[in-house]
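First the structure, in the form of structure tokens, and then the observations on it.
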Amino acid sequence: MTYHSLSGAEWKAITNACIRNGFELVDYEWLVQKTFTPRQINRMTSIKGDVLVTFKKSSTFVVEEHKSDIEVKHIFVGLVEEWLLEKGS
């Protein structure tokens, strides 16, 4: 599935839908483009790149409770921090 949005609420909804339906988050990667669109070049605050989030269907599906905003945020913040530490080494 490909999805492009800056909305945290939309990302939360997609993440929760995947988790509730037996998928587990297995990887997170920041992809930096070789060239940027004119809109990205002209905006200092524009996000330059894409996020690749990989989910895998779990062989041992256990129904999990709905993740709160804070829980989803912690999942992604933790993954981003790990990625930054790996890239900085």
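The values are calculated or read from the model by the stated rules, or taken from the named source; none is laboratory data. Since the model is a prediction, treat every value here as computed from it, not as a measurement. With ideal geometry, Cβ positions are generated from the backbone for all residues, glycine too; neighbour counts draw on all protein chains shown.
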Hits in region 64-89 - residues which are surrounded by 10 or more Cβ atoms within 10 Å (Cβ to Cβ) and among the acidic types (Asp, Glu): 64, 69, 71, 81, 82
Criterion violated by residue 41 - all others in (1) at pLDDT 85 or above; (2) surrounded by 11 or more Cβ atoms within 10 Å (Cβ to Cβ) satisfied: (1)
Verdict on residue 55 being in a strand (DSSP E or B), hydrophobic (A, V, I, L, M, F, W, C) and at pLDDT 65 or above: yes
